[in-house]
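Remarks on the structure that follows.
The values are calculated or read from the model by the stated rules, or taken from the named source; none is laboratory data. A quick note: this is a predicted structure, and the numbers were derived from the prediction, not measured. Note that we place each Cβ from the backbone using ideal geometry, even for glycine, and neighbour counts take in every protein chain shown. Surface areas here come from the heavy atoms of the whole protein model, side chains and all, with no ligands, DNA or RNA. Shrake-Rupley method; radii C 1.70, N 1.55, O 1.52, S 1.80 Å.
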Amino acid sequence: MKKLSKFILIFIMVIGIFTLAGCGKKEAPKSDNVKEFSNTIAGKLAKQFYDEIQDNKDLEKIANKLSENEIIEFSVGVEELNEDSYFAGITTEVKGFKKAYAIRPMIGTIPFVAYMFEVDDAEAFEANLKENVDLRWNICTEADTVESVVFENYVFIVLSPNGSE
């Protein structure tokens, strides 16, 4: 009986050690490319940008694709920007980018604007933009949501109404 008790005790200890060590339990590998986005217009556009920028680094093409997303229920245009351009919704000078594009509504009273940038330090650039967002840049209207995403040397930020969720 003692031998059986010792065997059971050793068996339980071995199982316990494997359980604590995580042996036998395989977790799915975590990807750095997994991001979560809100279910708003801004979130859906940020997700589309994030998906597109991984395969195609041409900001103009990405801007045109985003501008055609059916979630945007108003007419928009794509514009290449330079450091002298007006950045609606941003309260600081926007400098230090290599390329920039905006997606803006054709009617100025719609509280929507999306920007995409190629920069050297994307994290710092995004932080500066987010610190200087003004959701009420229009006199009559106000955006509800800000969403941004960084991928490598690219930054996307969108200010928009929530839209249907």
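Tabulated results
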item	result
Subset of the stretch 75-93 (residues that are aliphatic (A, V, I, L, M) and buried (at least 19 other Cβ atoms within 10 Å of the Cβ))	Val76, Val78, Ile90
Restricting the stretch 155-165 to residues that are of a type in the set (S, T, N, Q) and open to solvent by 30 Å² or more (accessible area, probe 1.4 Å), the residue that is modelled with the lowest pLDDT	Ser164
Selection from the stretch 118-133 of residues that are farther than 14 Å from Val158 by Cβ and either in contact (Cβ under 8 Å) with a residue 40 or more places away in the chain or in contact with a His (Cβ under 7 Å, 6 or more places away or on another chain) (or both)	Glu118, Asn132
Spans of strands (runs of 3 or more DSSP E) in the stretch 95-154 with at least 3 residues open to solvent by 40 Å² or more (accessible area, probe 1.4 Å)	97-105
